[in-house]
Each structure stands twice: as C-alpha cells, then as structure tokens.
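Let me begin by presenting the structure, written as structure tokens, before commenting on it.
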Amino acid sequence: MSLAITVHGSHVELCGAVDVQTSPSLNVELTEMINVAGPGAVLRIDLGQVSLLDSSGLSVLLGAHKLAAGREVRLTLAALPRHVARTLSITGLDEVLHIAT
C-alpha cells in the first residue's frame, strides 16, 4: 500500500493507507512540522482520503499529538472518513486527539 503526504504550510493532506509500511514516513513528516512550528501554532491533518488506518498509524497520530502538546502546538485531525472516525471511537482516541467538527 502507499501513502501520499502533501504539505501546504501548516496543513497536511494524506491519501492512501496509513499502515506499518507508511507510518514511518508520516512520523518523520509530522515530527519535523511540529518541531518547526512555534508555540500557539495549529497544524491540521486532513484524513479525508485515508483508505486504511491501522494500529501503527494510530500510534503515529498519538505520538504526534503528545509531541505537539509538549511544544504548545495544536494538532487537529480533519475530514475523517467514517471508517477512520469509527476506529478512533473504538480505541477511545476520539476523546484524546483534537478532531475538527
């Protein structure tokens, strides 16, 4: 599977599968963005075109959330497809991560 990561300033668009093969590249990209962002910045991750989000993808999102919070950066997930929203709900991460409404 593959994952396209497109960055537009503080906005990241994901297209494809966020799985064990693609999670490392997403982790690198998000970590870099968070480290460059200053306190008070808001980073938006658009998941609208994500076809699969497995446990390694969840781990990357949670790790990025924790890193961002520690640097006073708000990481917000947006445009969640139904299957991604359900995965976050089942795992309880919808109560932890910031999700745009």
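Every number in this text was worked out from the coordinates using simple rules, so none of it is lab data. Computed from a predicted structure; not experimentally measured. We place every Cβ from the backbone using ideal geometry, glycine too, and count neighbours over all the protein chains shown.
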Original post:
Within region 14-72, which residues are closer than 15 Å to Leu93 by Cβ and over 13 Å from the mean Cα position of the chain (by Cα)?
Top reply: Ala69
Original post:
Among (1) out of contact with any His (no Cβ under 6 Å at 6 or more places or on another chain); (2) in contact (Cβ under 8 Å) with a residue 40 or more places away in the chain, where does Thr31 come up short?
Top reply: (2)
**OP:** Evaluate region 63-75: report whether one residue or more is closer than 20 Å to Thr101 by Cβ and surrounded by fewer than 20 Cβ atoms within 10 Å (Cβ to Cβ).
**Re:** yes
**OP:** Residues being assigned to a strand (DSSP E or B) and surrounded by fewer than 18 Cβ atoms within 10 Å (Cβ to Cβ): count how many of those fall in region 1-25.
**Re:** 8
Original post:
Which residue out of Val28, Val84, Val50 is within 21 Å of Met1 (Cα to Cα) and not in a helix (DSSP H, G or I)?
Top reply: Val50
**OP:** Select from region 87-101 the residues that are β-branched (Val, Ile, Thr) and part of a helix (DSSP H, G or I) and write down the one among them that is nearest to Cys15 (Cα to Cα).
**Re:** Thr87
Subject >> Output for region 73-101, where each listed residue is more than 10 Å from the chain's Cα centre (by Cα) and among the polar types (S, T, N, Q) >> reply: Thr87, Ser89, Thr91, Thr101
**OP:** Please identify the pairs in which a residue from region 2-24 that is among the charged types (D, E, K, R) has its Cβ atom under 8 Å from the Cβ atom of a residue that is surrounded by 14 or more Cβ atoms within 10 Å (Cβ to Cβ) and not in a strand (DSSP E or B), counting only partners at least 6 apart or on another chain.
**Re:** Asp19/Asp54; Asp19/Ser56; Asp19/Gly57
**OP:** Would you be able to say whether some residue in region 65-73 is of a type in the set (Lys, Arg) and part of a loop (DSSP other than H, G, I, E, B)?
**Re:** yes
